[in-house]
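In what follows, a single structure is set out as structure tokens and then discussed.
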Amino acid sequence: QVRLVESGGGLVQAGGSLRLSCVATGSIVDVVAMNWDRQALGKQRELVATITSGGSTNYAGSVKGRFTISRDNAKNTVYLHMNSLKPEDTAVYYCNALKPRYNYWGQGTQVTVSA
């Protein structure tokens, strides 16, 4: 069992920045990757960024160059640094832990970008 708690969301103006945090507790030794997903109102959930256990990262095209995923293993925390935010980045952002047999999600944190 893995518990994920996201924080750091809020209201920001277009062009601004936010840093999201996801603290993982529980059985995390076999987590193979951590994702940040997002879901805007009325839209499907989409993958935003991934960081593997080996440290490789990958990004959705819509956020590449603006968002950075990182982690602090000592704190069991994954971050999503979001710069140059746009109104279309408005969504609930979810942390996702991938294990060989199951995936876990947090409760989400709302990010709202005003024009």
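Pick from 40, 91, 49: which is out of contact with any Leu (no Cβ under 9 Å at 6 or more places or on another chain) and either within 19 Å of residue 113 (Cα to Cα) or surrounded by 13 or more Cβ atoms within 10 Å (Cβ to Cβ) (or both)? Before the answer, list the steps.
On the way: 91 fails: out of contact with any Leu (no Cβ under 9 Å at 6 or more places or on another chain); 49 fails: out of contact with any Leu (no Cβ under 9 Å at 6 or more places or on another chain).
Sole residue among the options that is out of contact with any Leu (no Cβ under 9 Å at 6 or more places or on another chain) and either within 19 Å of residue 113 (Cα to Cα) or surrounded by 13 or more Cβ atoms within 10 Å (Cβ to Cβ) (or both): 40.
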*Counting only residues that are touching a Phe, Trp or Tyr at 6+ places or on another chain (Cβ under 7 Å) and either closer than 18 Å to residue 54 by Cα or exposed (fewer than 12 other Cβ atoms within 10 Å of the Cβ) (or both), how many does the range 96-115 have?*
2
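Answer yes or no as to whether residue 85 is more than 14 Å from residue 22 (Cβ to Cβ), in contact (Cβ under 8 Å) with a residue 60 or more places away in the chain, buried (at least 20 other Cβ atoms within 10 Å of the Cβ) and not charged (D, E, K, R).
On the way: more than 14 Å from residue 22 (Cβ to Cβ): yes; in contact (Cβ under 8 Å) with a residue 60 or more places away in the chain: yes; buried (at least 20 other Cβ atoms within 10 Å of the Cβ): yes; not charged (D, E, K, R): yes.
For residue 85, the condition - more than 14 Å from residue 22 (Cβ to Cβ), in contact (Cβ under 8 Å) with a residue 60 or more places away in the chain, buried (at least 20 other Cβ atoms within 10 Å of the Cβ) and not charged (D, E, K, R) - is met.
Look at residue 23 and say whether it is within 12 Å of residue 95 (Cα to Cα) and in contact with a Lys or Arg (Cβ under 9 Å, 6 or more places away or on another chain). Give the steps one after another, and end with the answer.
On the way: within 12 Å of residue 95 (Cα to Cα): yes; in contact with a Lys or Arg (Cβ under 9 Å, 6 or more places away or on another chain): yes.
Yes: the conditions hold for residue 23.
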*Regarding residue 21, is this residue at pLDDT below 95 and open to solvent by less than 60 Å² (accessible area, probe 1.4 Å)?*
no
*Criterion (in contact with a strand residue (DSSP E or B) (Cβ under 9 Å, 6 or more places away or on another chain), assigned to a loop (DSSP other than H, G, I, E, B), in contact (Cβ under 8 Å) with a residue 60 or more places away in the chain and surrounded by fewer than 16 Cβ atoms within 10 Å (Cβ to Cβ)) met by exactly one of 16, 55, 65*: 16
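The values are calculated or read from the model by the stated rules, or taken from the named source; none is laboratory data. Because the structure is a prediction, the values reported are computed rather than measured. Heads up, the Cβs are rebuilt from the backbone with ideal geometry, glycines too, and the neighbour counts pull from every protein chain shown. Heavy atoms of the whole protein, side chains included, go into the accessibility calculation; ligands, DNA and RNA do not. Shrake-Rupley method; radii C 1.70, N 1.55, O 1.52, S 1.80 Å.
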